[in-house]
Amino acid sequence: MPQKPKWVDGSGLSRYNLFTPQDFIAVLQAMKSGFDWKRITAILPTGNEGTLSGLYTNYAGRIYAKTGTLSNHVALSGYLLTRKGKTLIFSVLVNAHQRSAGEVRKTIEKFLTGLIDKY
């Protein structure tokens with residue numbers, strides 16, 4: 001891992017777990033190297049499915065990602081397939097926000113769909 005993570009529990013639900021976006025990118029890169037794409041897309045939800053339900057509705061098959069939410073913390077990490085055929089690995093962590101989690105997710109959606117459309 002790029003930074004030494006602090007892993008307090010096995011569930012991932014403790015706010016004392018400390019992982020950086022770079023750590024999540026490293027895990028996703030290892031997955032991309034170790035698994036075939038079909039397995040990755042079977043593991044992670046795509047647009048408007050699972051934990052991405054109601055989001056990325058026009059981007060099914062262009063985003064595969066896992067969410068994470070605690071009070072005032074929102075995370076999304078995964079893969080983007082751009083309009084130009086590139087595969088991008090991303091990790092967005094928003095800590096200590098004062099808005100609703102739904103508003104933060106919509107802001108992240110706008111940012112990521114912009115990347116899919118532009119690149």
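Data for the structure
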{"read-out": "N48 surrounded by fewer than 11 Cβ atoms within 10 Å (Cβ to Cβ) and either modelled with pLDDT of 95 or more or at negative phi (or both)", "value": "no"}
{"read-out": "Boolean, Y64 is within 25 Å of Q3 (Cβ to Cβ) and at pLDDT 95 or above", "value": "yes"}
{"read-out": "Selection from the range 71-101 of residues that are over 15 Å from the mean Cα position of the chain (by Cα) and more than 21 Å from Q29 (Cα to Cα)", "value": "S71, N72, A96, H97, Q98, R99, S100"}
{"read-out": "Within the range 1-98, strands (runs of 3 or more DSSP E) holding 1 or more residues that are touching a Pro at 6+ places or on another chain (Cβ under 6 Å) and in contact (Cβ under 8 Å) with a residue 60 or more places away in the chain", "value": "87-95"}
{"read-out": "Scope the range 55-70; condition surrounded by 12 or more Cβ atoms within 10 Å (Cβ to Cβ) and either closer than 22 Å to R83 by Cα or touching an Asp or Glu at 6+ places or on another chain (Cβ under 6 Å) (or both); matching residues", "value": "L55, Y56, T57, Y59, A60, R62, I63, Y64, A65, K66"}
{"read-out": "Candidates S33, S14, filtered to the one that is at negative phi, of a type in the set (S, T, N, Q), modelled with pLDDT of 95 or more and more than 14 Å from the chain's Cα centre (by Cα)", "value": "S33"}
{"read-out": "Odd one out for L112 among (1) touching a strand residue (DSSP E or B) at 6+ places or on another chain (Cβ under 6 Å); (2) among the aliphatic types (A, V, I, L, M); (3) free of Cβ contacts under 8 Å to residues at least 60 places away in the same chain; (4) closer than 18 Å to P21 by Cβ", "value": "(1)"}
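To keep it simple, each residue is scored yes or no on (1) among the aromatic types (F, W, Y); (2) under 15 Å from H73 (Cβ atoms); (3) exposed (fewer than 11 other Cβ atoms within 10 Å of the Cβ).
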{"residue": "Q3", "(1), (2), (3)": "no, no, no"}
{"residue": "D9", "(1), (2), (3)": "no, no, yes"}
{"residue": "A26", "(1), (2), (3)": "no, no, no"}
{"residue": "F35", "(1), (2), (3)": "yes, no, no"}
{"residue": "K38", "(1), (2), (3)": "no, no, yes"}
{"residue": "T41", "(1), (2), (3)": "no, no, no"}
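The values are calculated or read from the model by the stated rules, or taken from the named source; none is laboratory data. Keep in mind the model is a prediction, meaning the values are calculated, not measured. A quick note on method: Cβ atoms are made from the backbone with ideal geometry, for glycine too, and the neighbour counts reach across all protein chains shown.
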